[in-house]
Amino acid sequence: MPDVAWWSKSHAKVIATVDGRYQGNWQKYIGRWISYRDRMQKLFANKSVAVVKSRGIRMQGVQLQNHIKDINSRLDVLNCLKNEKEASAGIELENFNTAAGRNSSVATKKSQFAAITGNQLDIEVTAKCDKDSAIFQITNLGNKWPRLGEIYVYKIDGKALLSKRRVRMGNSQQATFRIRKRGGGSYGPVGLWVSPSWDKRAFKYDATITCG
């Protein structure tokens, strides 16, 4: 991926975004980048200034031209990811019947990533382990939240509340939770759920993980 500070450069994150926010519709996701590229090209042709509001960045002339090249490079990568995803779909379908018969735990030790969208809600949630500690990180990709939201972390067994925070996240702001038993050890499977006060979301863990 091109090295642009405010773009996600992780292939895994891009795939998770398309699977979650766009329900696997790569054409729709790529279409948004094409529209963005076309807007930048029009501004460049008119010798106008392009503004990235979330970063307070203004681009014009050669800088904007280089940015358009970065967009085209990203589009090349996105089309490759799309083709790889479509090619692997057949393998996933072949393995489905075998995998479906296995028991799976609610939360695993593998790092997780989720993209969540809703009414004035556009966030990414990651979950990972640091030895016995579970670490959740939320990144707000959208505009500043209209009101306070509540972030809950539960011990999944028994749904015991471990942490609760009320926040109003600004654009690109991050919130991090580190969950670990006092005196050491792990709580086992833990899960995080985001509840915006301005919109009703059905309870469902946005990310889960087991550490320790």
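The values are calculated or read from the model by the stated rules, or taken from the named source; none is laboratory data. For clarity, every value in this text was computed on a predicted model and none was experimentally measured. Ideal geometry is used to build each Cβ from the backbone, glycine not excepted, and the neighbour counts take in all protein chains shown.
Can you tell me which residues in the range 140-176 are assigned to a strand (DSSP E or B) and acidic (Asp, Glu)?
From the range 140-176, those assigned to a strand (DSSP E or B) are 140, 149-155, 160-167, 174-176; that's our starting set.
Passing the criteria: only 150.
Does the range 53-83 hold any residues that are part of a loop (DSSP other than H, G, I, E, B), touching a Lys or Arg at 6+ places or on another chain (Cβ under 9 Å) and surrounded by 11 or more Cβ atoms within 10 Å (Cβ to Cβ), and which are they?
Step one: of the range 53-83, the residues part of a loop (DSSP other than H, G, I, E, B) are 53-56, 60-61.
Narrowing further to those that are touching a Lys or Arg at 6+ places or on another chain (Cβ under 9 Å): 60-61.
Matches in the range 53-83: 60 only.
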Somewhere in the range 97-111, is a residue surrounded by 12 or more Cβ atoms within 10 Å (Cβ to Cβ) and modelled with pLDDT of 90 or more?
no
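Give 185, 149, 142 a once-over and let me know the one that is surrounded by 13 or more Cβ atoms within 10 Å (Cβ to Cβ), in contact (Cβ under 8 Å) with a residue 24 or more places away in the chain and farther than 22 Å from residue 10 by Cβ. I'd like the intermediate steps shown before the answer.
Details: 185 fails: surrounded by 13 or more Cβ atoms within 10 Å (Cβ to Cβ); 142 fails: farther than 22 Å from residue 10 by Cβ.
Of the residues listed, the single one that is surrounded by 13 or more Cβ atoms within 10 Å (Cβ to Cβ), in contact (Cβ under 8 Å) with a residue 24 or more places away in the chain and farther than 22 Å from residue 10 by Cβ is 149.
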Within the range 196-212, residues outside any strand (DSSP E or B) and of a type in the set (Gly, Ala, Ser) come out as 197, 202, 212
Note: among 209, 156, just one is touching a strand residue (DSSP E or B) at 6+ places or on another chain (Cβ under 7 Å), touching a residue at least 60 places away in the same chain (Cβ under 8 Å), hydrophobic (A, V, I, L, M, F, W, C) and farther than 12 Å from residue 137 by Cα, namely 209
- Task: Determine, yes or no, whether residue 193 is farther than 25 Å from residue 11 by Cβ, at pLDDT 90 or above and assigned to a loop (DSSP other than H, G, I, E, B).
- Result: no
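Select from the range 112-129 the residues that are out of contact with any Pro (no Cβ under 9 Å at 6 or more places or on another chain) and among the polar types (S, T, N, Q) and write down the one among them that is surrounded by the most Cβ atoms within 10 Å (Cβ to Cβ). Walk me through it before giving the result.
Filtering the range 112-129 for residues out of contact with any Pro (no Cβ under 9 Å at 6 or more places or on another chain) gives 112-117, 122-129.
Next, only the ones that are among the polar types (S, T, N, Q) stay: 112, 117, 126.
Working: 112: 18, 117: 14, 126: 20.
This residue is 126.
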If you go through 190, 194, 167, the only one that is farther than 13 Å from residue 133 by Cβ and either outside the structural domain of residue 141 (by TED's automatic domain parsing) or in contact with a Lys or Arg (Cβ under 8 Å, 6 or more places away or on another chain) (or both) is 194
Result of the Cβ filter at 9 Å on the range 164-175, keeping first residues that are at positive phi and partners that are of a type in the set (S, T, N, Q) and part of a strand (DSSP E or B), at least 6 apart or interchain, is 172/139; 172/140
